[in-house]
Amino acid sequence: MKKIVTIILFLLGMAVAQDDAATGEAEGAVEKTAVQDEAIVATKRGGAKKTVAVFDFDSQGIDESEALTFSERFRTEIGNTGSIRLIERKALEKIMEEQGLQQSGCTTDECAAEVGQLLGAQNMINGSIGRIGNSYTVDIKMFSVETGEIERTANATYEGEIDGLLVEIQ
């Protein structure tokens with residue numbers, strides 16, 4: 001399961017690299033001032049991080065509390081990498097409350113993208129964790145807040161007791 005965090009971070013890194021390439025192409029099309037050029041170089045040198053929010057994972061065939069615990073551990077592990085700027089769960093919940101929504105009621109990518117825009121996120125991550133027999137499956141997707149389009153997906157399967165997932169994701 002450790003691979004799920006690694007896969008998502010790899011995919012996020014690819015998305016950042018693609019954004020940098022697109023910025024480079026756009027820079028060639030428009031003449032920049034020296035100050036703008038310095039700002040772009042400083043941003044790239046500083047390793048500009050994507051701002052990401054993670055919704056609680058949906059539970060399928062497991063207790064909702066187990067899915068929430070997994071979601072929180074996933075946030076913690078992604079945040080610990082320092083590869084992204086992670087929006088706190090409380091900020092996500094506050095925006096949802098202000099908009100009269102619950103995470104369970106915001107089931108479409110479009111709804112999540114709207115919430116992401118209000119949070120100032122570039123990407124949102126959501127997913128599900130389910131059980132089939134003695135196997136647990138985790139499916140995750142990352143999508144653009146700007147377009148609402150799915151940019152990346154990842155999945156992993158774990159065999160064993162559910163509490164083993166927490167150890168595997170570390």
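Which condition does residue 90 not pass, out of (1) outside any helix (DSSP H, G or I); (2) open to solvent by 10 Å² or more (accessible area, probe 1.4 Å); (3) not β-branched (Val, Ile, Thr), if it passes all the others?
(1)
Looking at (1) assigned to a loop (DSSP other than H, G, I, E, B); (2) open to solvent by 70 Å² or more (accessible area, probe 1.4 Å); (3) closer than 19 Å to residue 137 by Cβ, can you tell me which one residue 62 breaks?
(2)
So for region 141-154 (the condition being basic (Lys, Arg), under 13 Å from the mean Cα position of the chain (by Cα) and open to solvent by less than 40 Å² (accessible area, probe 1.4 Å)), does at least one residue qualify?
Looking only at region 141-154, we keep the residues that are basic (Lys, Arg), and these are 141, 152.
Of the ones still in play, those that are also under 13 Å from the mean Cα position of the chain (by Cα) are 141, 152.
The next check asks that each one be open to solvent by less than 40 Å² (accessible area, probe 1.4 Å); those that pass are 152.
Yes, region 141-154 contains at least one residue that is basic (Lys, Arg), under 13 Å from the mean Cα position of the chain (by Cα) and open to solvent by less than 40 Å² (accessible area, probe 1.4 Å).
Can you name every residue in region 128-163 that is within 13 Å of residue 73 (Cβ to Cβ), in contact with a Phe, Trp or Tyr (Cβ under 9 Å, 6 or more places away or on another chain) and either without any contact (Cβ under 8 Å) to a residue 24 or more places away in the chain or part of a loop (DSSP other than H, G, I, E, B) (or both)?
162
Within the bounds of region 9-26, is there any residue that is open to solvent by less than 70 Å² (accessible area, probe 1.4 Å), within 27 Å of residue 130 (Cα to Cα), modelled with pLDDT under 90 and in contact with a helix residue (DSSP H, G or I) (Cβ under 6 Å, 6 or more places away or on another chain)?
no
I'm told residue 83 meets every condition in (1) open to solvent by less than 20 Å² (accessible area, probe 1.4 Å); (2) closer than 21 Å to residue 48 by Cα except one. Can you identify the failing condition by its number?
Condition not satisfied by residue 83: (1).
Considering only region 113-127, state which residues are aliphatic (A, V, I, L, M), in contact with a helix residue (DSSP H, G or I) (Cβ under 9 Å, 6 or more places away or on another chain) and either in a helix (DSSP H, G or I) or open to solvent by 40 Å² or more (accessible area, probe 1.4 Å) (or both). Outline the logic, then answer.
In the first step, residues of region 113-127 are kept if they are aliphatic (A, V, I, L, M); the result is 113, 115, 118-119, 121, 124-125.
Retained after the next criterion (residues that are in contact with a helix residue (DSSP H, G or I) (Cβ under 9 Å, 6 or more places away or on another chain)): 115, 118-119, 121, 124-125.
The answer is 115, 118, 119.
In region 155-170, what residues are surrounded by fewer than 18 Cβ atoms within 10 Å (Cβ to Cβ) and within 16 Å of residue 63 (Cβ to Cβ)?
Answer for region 155-170, where residues must be surrounded by fewer than 18 Cβ atoms within 10 Å (Cβ to Cβ) and within 16 Å of residue 63 (Cβ to Cβ): 161, 162, 163, 164, 166.
If only one of 55, 74 is open to solvent by less than 50 Å² (accessible area, probe 1.4 Å), modelled with pLDDT of 60 or more and over 18 Å from residue 122 (Cα atoms), which one is it? Show your work before the answer.
Working: 55 fails: over 18 Å from residue 122 (Cα atoms).
Result of the check over 55, 74: 74.
The values are calculated or read from the model by the stated rules, or taken from the named source; none is laboratory data. Because the structure is a prediction, the values reported are computed rather than measured. Here Cβ is always computed from backbone atoms with ideal geometry, including for glycine, and neighbour counts include all displayed protein chains. The area values use the complete protein model at the heavy-atom level, side chains included, leaving out ligands, DNA and RNA. Shrake-Rupley method; radii C 1.70, N 1.55, O 1.52, S 1.80 Å.
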